[in-house]
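Enquirer: The structure under discussion is supplied below as structure tokens; questions concerning it will follow.
The values are calculated or read from the model by the stated rules, or taken from the named source; none is laboratory data. No experiment lies behind these values; they were computed from the predicted model shown. Here the Cβ is made from the backbone with ideal geometry for all residues, glycine too, and neighbour counts use every protein chain on show. What goes into the accessible areas is simple: the full protein's heavy atoms, side chains included, and nothing from ligands, DNA or RNA. Shrake-Rupley method; radii C 1.70, N 1.55, O 1.52, S 1.80 Å.
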Amino acid sequence: MAQQDIPKHYNPTEAEDKWYSYWEKHRYFHSEPDEREAYTVVIPPPNVTGVLHMGHILNNTIQDILVRRARMLGKNACWVPGTDHASIATEAKVVQRLRKKGIKKSDLSREDFLKHAWDWTDEYGGIILQQLRKLGASCDWERTRFTLEEELYESVINVFIDLHEKGKVYRGKRMINWDPEAKTALSDEEVIYKDVQSKLYHVSYAVADSDETVTIATTRPETILADTAICVHPDDKRYQHLIGKKAIVPLENREIPIIADEYVEMDFGTGCLKVTPAHDVNDYELGQKHDLAIIDMLNADGTVSEEVNHFIGKDRFEARKLMVKALEESEQLVKTEDIANSVGYSERTDAVIEPRLSLQWFLKMDELAKPALENVMNDEIRFHPAKFKNSYQNWMENIRDWCISRQLWWGHRIPAWYYGENPDDYVIAKTLEEAITAANEKTGKNWTENDLKQDEDVLDTWFSSWLWPISVFNGINEPDNKEVRYYYPTNDLVTAPEIMFFWVARMIMAGYEYRSELPFKNVYYTGIVRDKQRRKMSKSLGNSPDPLKMIAEFGADGVRVGMLFSAPAGNDLLFDESMVEQGRNFANKIWNAYRFLSMNMEDGVEYAPTTEIDSENLADVWMQTRLHETLRDIEDDFEKFRLSDALQKVYSLVWDDFCDWYIELCKPEERGGKISKEKLERALGFFEELMKLLHPFMPFITEEIWQRIQQRSEKEALVITSWTAFDEQKINPEQRALFQKMQLLIAASRNIRAEMNLSPNAELQVLIKTQNTEEADAISSQQWVFRRLQTVSELQISSDLSKPKMAASSVVQGTELYIPLEGLIDTEKEIARIEKEIQRLEGFLKSINGKLNNERFVANAPDEVVAKERKKKSDTENTLEKLRENLKSFK
């Protein structure tokens with residue numbers, strides 16, 4: 001490519017639009033089963049009406065890195081995208097939209113409401129998938145799935161029917177978590193507990209037919225209206241004489257029994273417990289045990305019901321205030337305390353949850369959980385980081401049945417059909433026709449379509465998501481189809497630890513239930529993206545930047561790199577815009593390196609980048625060594641899902657090794673000259689290798705440069721180019737050590753120039769005193785490296801040198817470097833510099849001696865750690881000795 005065709009500045013937006021379109025046009029992301037090893041990832045499906053946020057950026061960047069690298073490794077990479085219908089969230093949005101139009105959900109039929117929901121989904125659904133393209137996500141868009149599409153809908157219904165036939169799905173009236181805002185039941189996992197400041201009200205109840213009273217304490221005084229007993233411990237002498245008597249419910253003036261049960265703790269509170277079976281899980285259990293009446297005082301929307309005599313129609317929190325006022329007026333409010341307690345909130349609507357007795361559908365979890373627990377704990381399925389196994393184990397060992405029904409219309413409608421008044425008068429069937437047949441067989445009657453009514457409820461959204469790795473390949477409906485046999489089990493799942501129980505655990509259960517094997521081999525848990533004040537990013541706090549604006553400002557590659565730099569697995573990411581700015585700067589550094597190389601190309605000359613090095617050229621041997629060391633090291637990082645570490649290594653290889661050292665050594669000796677064709681072809685060869693390593697992390701700029709270095713056919717695009725194989729034979733430890741010694745000597749020379757305020761262009765006499773003649777010969781043979789990067793009038797290298805008078809010096813791994821300074825510097829300043837360095841090293845030596853003189857450290861520390869400290873001591877003592885000798889030469 002001609003020099004004049006290369007822009008001075010990299011334009012991320014232009015490159016991103018161009019190359020993403022090119023990749024899609026040539027279907028590089030599409031996968032079909034073939035003879036290659038499959039590498040499968042399923043996207044955690046975002047809400048269908050969602051938009052991109054910082055968590056998505058982090059999660060999908062990580063997935064894309066894994067998928068792009070697998071593709072380059074020659075695997076048949078298949079990344080399945082899709083969206084989740086998100087029952088509660090989507091229905092709430094639709095209801096809100098209708099409300100703005102003056103329409104109530106209750107005014108619509110189910111069919112009409114669902115038409116509005118589909119209109120909303122068609123209008124806003126899939127926006128997030130378009131946004132993921134801006135990030136560079138290399139999903140197989142031809143495979144995009146939606147949890148409510150026909151095939152996946154059928155999968156969910158088939159699983160419900162199957163589990164019901166197995167006796168694992170059942171219907172029962174139980175205490176559940178109720179969201180009064182969404183008016184639906186929630187599973188335990190959908191309840192978020194928050195520590196809040198509350199009031200504890202001590203209330204006096206009169207004992208019937210006596211002058212006595214008993215006092216209870218509650219944070220929910222409005223539920224007193226639904227009390228059906230007072231409970232005390234049978235051994236509590238304070239109340240034994242009251243057991244079997246009656247207490248009178250305040251305001252309601254209803255008599256309730258005083259019962260005894262060992263459940264009550266005598267030393268907790270007053271030792272008296274109000275029992276409200278309809279509004280507390282533990283009270284419900286007591287009520288069942290003692291056959292207590294159940295009074296449900298709350299309607300579905302959280303208002304007071306007609307089951308009680310006061311505050312009917314009032315909101316529960318308004319009723320609380322009114323109850324407290326009434327208790328004060330009746331002088332039954334003994335006292336009020338401020339306390340901290342934990343309150344459950346809806347994960348979706350943030351409404352305070354009400355325990356509620358309700359007839360719902362449940363899934364038995366105990367048998368499903370066993371293989372799911374066993375195969376995580378034995379590392380058949382590996383968690384990264386492994387620390388999450390502990391919370392996983394705790395949850396799985398204490399698992400409760402899953403409430404899977406939701407009082408919503410948007411979702412997978414439960415395939416239960418009712419034909420009578422009794423709770424058991426139902427059949428389970430996919431269609432009305434099948435239901436009529438089943439009902440007739442069950443009852444011996446001739447039911448018609450007018451006699452049967454389908455359950456109004458839908459299934460929990462997670463009841464479709466738990467099948468995702470199987471259902472996206474139609475593995476439920478057609479268990480032996482070619483695709484599910486090829487792509488399942490998937491390889492890696494990238495997700496957030498907050499949905500470990502909602503989703504990860506349940507997918508594992510479904511995998512063993514329906515495929516008798518794991519659904520994925522690795523689970524990579526990302527951290528939570530937080531701001532610098534460690535607050536979780538959210539719209540309500542206004543602390544979450546717009547990812548699309550960030551991409552527009554810093555480029556997708558810059559954003560990807562910036563996010564990953566601070567994203568070790570499982571640790572929260574403290575987001576700072578400077579991170580993505582660093583990513584953009586890295587992209588600019590890469591572009592400038594390519595631009596510099598291209599400026600050395602002669603118009604009309606064909607260049608053939610090569611990886612064949614000049615084995616006599618130390619810089620070539622070192623660069624090749626560093627490349628393959630990095631390949632080896634990041635292979636280990638990828639195995640352990642340390643993607644941030646892998647990026648740091650590649651970053652250092654590109655910025656530090658290639659740009660700051662190798663390119664500099666490629667430059668010709670004469671100023672203004674051009675790099676020779678042979679050296680330039682080797683430099684371009686290395687640069688191509690670096691683009692391969694960088695591509696999974698920074699797909700756009702690497703493809704742009706790859707396509708500019710040489711003319712490529714569509715089969716030679718970087719996105720499908722083979723990953724470079726690690727080759728141990730291309731690592732030369734001796735030459736690497738020699739080059740590193742040269743780097744340190746050059747750095748020492750530069751430091752002396754800076755400290756002495758000497759110009760970088762000043763020609764200096766440099767003497768290097770080596771530790772032996774072999775080292776002298778080695779450095780002498782490669783002295784061109786030193787001369788290329790330092791302006792010297794004379795360079796002497798020998799093991800038999802004496803330090804000149806008035807010379808600055810530095811000790812590098814036992815090798816001494818002298819620069820005579822007579823007539824160049826302020827002698828007193830150099831003396832101060834050496835004394836400062838001696839003082840620093842003396843402090844360092846003191847800390848080392850402190851460790852080595854500690855008998856416990858020497859006895860308990862690993863041998864290699866102790867040996868390392870002894871080596872540090874020896875090296876520091878040698879350096880101090882030489883510095884003291886240097887100091888003498890100035891005095």
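Enquirer: Considering only residues that are aliphatic (A, V, I, L, M) and closer than 19 Å to Lys245 by Cα, which ones fall in the range 267-293?
Expert: Leu273, Val275, Leu286, Leu292, Ala293
Enquirer: If we scan the range 474-485, do we find a residue that is out of contact with any helix residue (DSSP H, G or I) (no Cβ under 8 Å at 6 or more places or on another chain), part of a helix (DSSP H, G or I), β-branched (Val, Ile, Thr) and in contact (Cβ under 8 Å) with a residue 12 or more places away in the chain?
Expert: Just the residues of the range 474-485 that are out of contact with any helix residue (DSSP H, G or I) (no Cβ under 8 Å at 6 or more places or on another chain), to begin with: 480-483, 485.
Checking which are part of a helix (DSSP H, G or I) leaves us with 482-483, 485.
Now narrow it down to the ones that are β-branched (Val, Ile, Thr): none.
No: zero hits.
Enquirer: Read through the list (1) under 20 Å from Thr276 (Cα atoms); (2) outside any helix (DSSP H, G or I); (3) free of Cβ contacts under 8 Å to residues at least 60 places away in the same chain, then give the number of the only condition that Glu318 fails.
Expert: With (1) under 20 Å from Thr276 (Cα atoms); (2) outside any helix (DSSP H, G or I); (3) free of Cβ contacts under 8 Å to residues at least 60 places away in the same chain applied to Glu318, the lone miss is (2).
Enquirer: Which condition number in (1) open to solvent by 30 Å² or more (accessible area, probe 1.4 Å); (2) farther than 26 Å from Asn398 by Cβ; (3) of a type outside the set (Asp, Glu) is the one that Phe501 fails?
Expert: Status for Phe501: all satisfied but (2).
Enquirer: Which one of Glu864, Glu816 is acidic (Asp, Glu) and in contact with a strand residue (DSSP E or B) (Cβ under 7 Å, 6 or more places away or on another chain)? I'd like the intermediate steps shown before the answer.
Expert: On the way: Glu864 fails: in contact with a strand residue (DSSP E or B) (Cβ under 7 Å, 6 or more places away or on another chain).
Going through Glu864, Glu816 in turn, the sole match is Glu816.
Enquirer: Restricting to the range 631-642, name every residue that is modelled with pLDDT of 95 or more and buried (at least 22 other Cβ atoms within 10 Å of the Cβ).
Expert: Of everything in the range 631-642, those that are modelled with pLDDT of 95 or more and buried (at least 22 other Cβ atoms within 10 Å of the Cβ) turn out to be Leu631, Ile634.
Enquirer: Moving on. With the requirement that a residue be among the hydrophobic types (A, V, I, L, M, F, W, C) and open to solvent by 90 Å² or more (accessible area, probe 1.4 Å), what does the range 825-879 give you?
Expert: none
Enquirer: While we're looking at this one, here's another question. Return yes when Thr721 is among the polar types (S, T, N, Q) and open to solvent by 10 Å² or more (accessible area, probe 1.4 Å) and no when it is not.
Expert: Yes, satisfied.
Enquirer: Would you pick out the residues in the range 791-824 that are open to solvent by 50 Å² or more (accessible area, probe 1.4 Å) and either of a type in the set (A, V, I, L, M) or within 53 Å of the chain's Cα centre (by Cα) (or both)?
Expert: Matches in the range 791-824: Gln813, Leu824.
Enquirer: Quick one: Leu200 ticks every box in (1) farther than 30 Å from Leu333 by Cβ; (2) hydrophobic (A, V, I, L, M, F, W, C); (3) not in a helix (DSSP H, G or I) except a single one, so which number is it?
Expert: Only one criterion is unmet by Leu200, namely (1).
Enquirer: Given the options Ile65, Ile88, name the one that is surrounded by 21 or more Cβ atoms within 10 Å (Cβ to Cβ) and under 19 Å from the mean Cα position of the chain (by Cα).
Expert: It is Ile65.
Enquirer: With the requirement that a residue be outside any helix (DSSP H, G or I) and either closer than 18 Å to Trp409 by Cβ or at pLDDT below 95 (or both), what does the range 146-170 give you?
Expert: Of everything in the range 146-170, those that are outside any helix (DSSP H, G or I) and either closer than 18 Å to Trp409 by Cβ or at pLDDT below 95 (or both) turn out to be Phe146, Thr147, Leu148, Glu149.
Enquirer: Do any helices (runs of 4 or more DSSP H) entirely within the range 364-472 hold 3 or more residues that are within 19 Å of Glu190 (Cα to Cα) and open to solvent by 10 Å² or more (accessible area, probe 1.4 Å), and if so, which?
Expert: Details: elements: 366-377, 388-397, 432-443, 462-465, 468-471.
Where helices (runs of 4 or more DSSP H) fall fully within the range 364-472 and carry at least 3 residues being within 19 Å of Glu190 (Cα to Cα) and open to solvent by 10 Å² or more (accessible area, probe 1.4 Å), they are 388-397.
Enquirer: Another one. Considering the range 759-777 alone, what residues qualify as being of a type in the set (A, V, I, L, M, F, W, C) and either within 49 Å of the chain's Cα centre (by Cα) or within 25 Å of Glu822 (Cα to Cα) (or both)?
Expert: Passing the criteria: Ala762, Leu764, Val766, Leu767, Ile768.
Enquirer: Of the numbered conditions (1) in a helix (DSSP H, G or I); (2) under 19 Å from Leu66 (Cβ atoms), Leu518 fails exactly one; give the number of that condition.
Expert: With respect to (1) in a helix (DSSP H, G or I); (2) under 19 Å from Leu66 (Cβ atoms), Leu518 is out only on (1).
Enquirer: Which one of Asp195, Asp188, Asp179, Asp236 is among the charged types (D, E, K, R) and more than 42 Å from the chain's Cα centre (by Cα)?
Expert: On the way: Asp195 fails: more than 42 Å from the chain's Cα centre (by Cα); Asp188 fails: more than 42 Å from the chain's Cα centre (by Cα); Asp179 fails: more than 42 Å from the chain's Cα centre (by Cα).
That would be Asp236, the only listed residue that is among the charged types (D, E, K, R) and more than 42 Å from the chain's Cα centre (by Cα).
Enquirer: Could you please find all residues in the range 209-224 being in a loop (DSSP other than H, G, I, E, B) and under 15 Å from Glu354 (Cβ atoms)?
Expert: Thr219, Arg220 - these are the residues of the range 209-224 that are in a loop (DSSP other than H, G, I, E, B) and under 15 Å from Glu354 (Cβ atoms).
Enquirer: Further, regarding this structure: Which of the residues belonging to the range 804-829 are touching a Ser or Thr at 6+ places or on another chain (Cβ under 9 Å) and either among the β-branched types (Val, Ile, Thr) or not in a strand (DSSP E or B) (or both)?
Expert: Pro804, Lys805, Met806, Val811, Gly814, Thr815, Ile819, Leu821 - these are the residues of the range 804-829 that are touching a Ser or Thr at 6+ places or on another chain (Cβ under 9 Å) and either among the β-branched types (Val, Ile, Thr) or not in a strand (DSSP E or B) (or both).
Enquirer: Would you mind stating whether Asp620 is surrounded by fewer than 21 Cβ atoms within 10 Å (Cβ to Cβ) and of a type outside the set (A, V, I, L, M)?
Expert: So Asp620 does not fit the description; no.
Enquirer: Search the range 140-163 for residues that are closer than 16 Å to Pro479 by Cα and pair each with any residue that is part of a helix (DSSP H, G or I) when their beta-carbon atoms are under 7 Å apart and the residues are at least 6 apart or on different chains.
Expert: Between residues of the range 140-163 that are closer than 16 Å to Pro479 by Cα and residues that are part of a helix (DSSP H, G or I), the close pairs are Leu152/Ser464; Leu152/Ser471; Ser155/Ser471; Val156/Phe463; Val156/Ser464.
Enquirer: Suppose we filter the range 266-296 for residues that are touching a His at 6+ places or on another chain (Cβ under 7 Å) and open to solvent by 40 Å² or more (accessible area, probe 1.4 Å); how many remain?
Expert: Of the residues in that region, 1 qualify.
Enquirer: Could you list all residues from the range 687-700 that are under 13 Å from Val650 (Cβ atoms) and open to solvent by 10 Å² or more (accessible area, probe 1.4 Å)?
Expert: Glu689, Lys692
Enquirer: I would also like to ask the following. Just the residues that are part of a helix (DSSP H, G or I), under 26 Å from Gly125 (Cβ atoms), open to solvent by 10 Å² or more (accessible area, probe 1.4 Å) and of a type in the set (Phe, Trp, Tyr), please, taken from the range 7-37.
Expert: Result: Tyr20, single match.
Enquirer: Please verify whether the range 690-708 includes one or more residues that are closer than 30 Å to Leu135 by Cβ, touching a Pro at 6+ places or on another chain (Cβ under 8 Å), touching a residue at least 40 places away in the same chain (Cβ under 8 Å) and not small (Gly, Ala, Ser).
Expert: Within the range 690-708, one or more residues are closer than 30 Å to Leu135 by Cβ, touching a Pro at 6+ places or on another chain (Cβ under 8 Å), touching a residue at least 40 places away in the same chain (Cβ under 8 Å) and not small (Gly, Ala, Ser).
Enquirer: Identify, please: which residue in the range 67-116 is acidic (Asp, Glu) and in a helix (DSSP H, G or I) and is, among those, nearest to Leu186 (Cα to Cα)? Walk me through how you get there before you give the answer.
Expert: Residues of the range 67-116 acidic (Asp, Glu): 84, 91, 107, 111-112.
Still in the list and also in a helix (DSSP H, G or I): 91, 107, 111-112.
Numbers: Glu91: 15, Asp107: 25, Glu111: 24, Asp112: 25 Å.
That would be Glu91.
Enquirer: Among the residues of the range 43-53, write down those that are open to solvent by less than 10 Å² (accessible area, probe 1.4 Å) and touching a Ser or Thr at 6+ places or on another chain (Cβ under 6 Å).
Expert: Result: Val48, single match.
Enquirer: Please state which of the following conditions Thr40 fails to meet, knowing it meets all the rest: (1) outside any helix (DSSP H, G or I); (2) open to solvent by less than 20 Å² (accessible area, probe 1.4 Å); (3) closer than 26 Å to Asp301 by Cα.
Expert: (3)
Enquirer: Inside the range 303-315, can you point out the residues that are part of a loop (DSSP other than H, G, I, E, B) and surrounded by fewer than 21 Cβ atoms within 10 Å (Cβ to Cβ)?
Expert: Result: Ser305, Glu306, Glu307, Asn309, His310, Ile312, Gly313, Lys314.
Enquirer: Give the residue that is nearest to the chain's Cα centre (by Cα), with candidates limited to residues of the range 515-543 that are crowded, with 20+ Cβ neighbours inside 10 Å and not β-branched (Val, Ile, Thr).
Expert: Tyr525
Enquirer: Tell me, which residue of the range 97-129 that is of a type in the set (S, T, N, Q) and more than 34 Å from the chain's Cα centre (by Cα) is most open to solvent (accessible area, probe 1.4 Å)? Before the answer, list the steps.
Expert: So the first thing to find is which residues in the range 97-129 are of a type in the set (S, T, N, Q), and the list is 106, 109, 121.
Okay, now just the ones that are also more than 34 Å from the chain's Cα centre (by Cα), so 106, 109.
Working: Ser106: 100, Ser109: 49 Å².
Step by step, filter the range 97-129, then rank; the result is Ser106.
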